[in-house]
1. Do we have any residue at all in segment 2-9 that's buried (at least 18 other Cβ atoms within 10 Å of the Cβ), among the charged types (D, E, K, R) and in contact with a Pro (Cβ under 6 Å, 6 or more places away or on another chain)?
2. Go through Ile269, Ile282 for me and flag whichever is closer than 23 Å to Glu212 by Cα and buried (at least 19 other Cβ atoms within 10 Å of the Cβ).
3. Filter segment 130-174 for residues that are of a type in the set (Asp, Glu), in contact with a helix residue (DSSP H, G or I) (Cβ under 9 Å, 6 or more places away or on another chain) and not in a loop (DSSP other than H, G, I, E, B) and give the result.
4. Among the residues of segment 98-114 satisfying the criterion of being surrounded by fewer than 24 Cβ atoms within 10 Å (Cβ to Cβ) and not charged (D, E, K, R), which is nearest to Gly15 (Cα to Cα)?
5. Name every residue in segment 171-225 that is basic (Lys, Arg) and surrounded by fewer than 17 Cβ atoms within 10 Å (Cβ to Cβ), in order of residue number.
6. Could you run through segment 275-304 and say how many residues are part of a helix (DSSP H, G or I) and over 14 Å from Ile5 (Cβ atoms)?
7. If I go through segment 175-193 residue by residue, how many of them are free of Cβ contacts under 8 Å to residues at least 40 places away in the same chain and assigned to a loop (DSSP other than H, G, I, E, B)?
8. Answer yes if at least one residue in segment 36-43 is within 29 Å of Ser134 (Cβ to Cβ), at pLDDT 95 or above and crowded, with 16+ Cβ neighbours inside 10 Å, and no otherwise.
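The values are calculated or read from the model by the stated rules, or taken from the named source; none is laboratory data. Since the model is a prediction, treat every value here as computed from it, not as a measurement. Note: ideal-geometry Cβ built from the backbone for every residue, glycine included; neighbour counts use all protein chains shown.
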Amino acid sequence: MKIKIIKNRSDIGAGTRGSDLGIDAIEIAAINQGNEFFHTHLFQDVETHNETIYNKNTNTFAKRIEHVVEQCERVAEVVKDNLEQGYFPIVLSGDHSSALGTISGIKAAKPNSRIGVIWIDAHADLHSPFTSPSGNIHGMPLAAALGVDNAECQTNEPGDITAQFWNRMKNIGLKGEKIAASDLIFFGLRDYESAEQYLITENKIKHYEVAEVRYRGIKICVDEALNQLTNCDSIYISFDVDSMDSDSVSNGTGTPVPIGFFANEIKEIIDQFLQSNKVCCIEFTEINPLLDNKGNKMAETAFEVLDHIAKKIG
């Protein structure tokens, strides 16, 4: 299948600046290795709105939501167009809020399909403006994709304007929920809040912790996940680099968490899912070279994974 690299240099949904530079850092990693990856594959740049970061933020429960909505809509349109043209989109994003755009774009391109989501991440990203302790929207994409507010755990009063933008987020691409909770599976989850735990428990959302994957084996865990997604027509994989072990890789991401996966484990997990022939899109996100304590190590590691899986796809 023909790969198209989608470059989405947006970090307005994050709490720390710099993930917009992650795509360039990956390209530099390729150049330094003498790898022609970015000359080999077609690519498309998504328009961004990063200058809005300089605007005074007046919303503490969903920061810059009006611009994050626009960015997700742009990403959704690009992903939809490329899927309809027969490409396999590999989306390189700044912060993780844009994953909502990717999921919405997949659903818009496949409106009658059931979409499974493999979320490889240290964090659950299941907050809403009604529950978020930080107001950073990179912690909210899955709640929007599921179409949930989690009013049962509400701690914030975001106001009418924020609620209107939030409803717009939940209806990007097509109206209504994009995925079912039963079709969402986490790998590497280890840092989340009680409001997110509530949704995970209430909806029986499957999640594989790092220790479980290592103890039981990657193949067994992936096979179980694929069995759960048997009725899904397509699978989207979202790879947040903070799913990897910050001590062994680097701190080059907005919210590094120790005791994570190693690069070889990430490659093997994605390899196993690719063998199902259901994966239609993969996203890489949250590489922040400004926070890297080992030069450009996080981007180099992400590129190692990217180059590996692209060869499997192509």
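1. Checking segment 2-9: at least one residue is buried (at least 18 other Cβ atoms within 10 Å of the Cβ), among the charged types (D, E, K, R) and in contact with a Pro (Cβ under 6 Å, 6 or more places away or on another chain).
2. Answer to the check: Ile269.
3. The answer is Glu152, and nothing else.
4. If we take residues in segment 98-114 being surrounded by fewer than 24 Cβ atoms within 10 Å (Cβ to Cβ) and not charged (D, E, K, R), then Ala108 is nearest to Gly15 (Cα to Cα).
5. Lys175, Lys204, Arg214, Arg216, Lys219
6. Residues flagged as part of a helix (DSSP H, G or I) and over 14 Å from Ile5 (Cβ atoms) within segment 275-304 amount to 9.
7. Residues flagged as free of Cβ contacts under 8 Å to residues at least 40 places away in the same chain and assigned to a loop (DSSP other than H, G, I, E, B) within segment 175-193 amount to 3.
8. no
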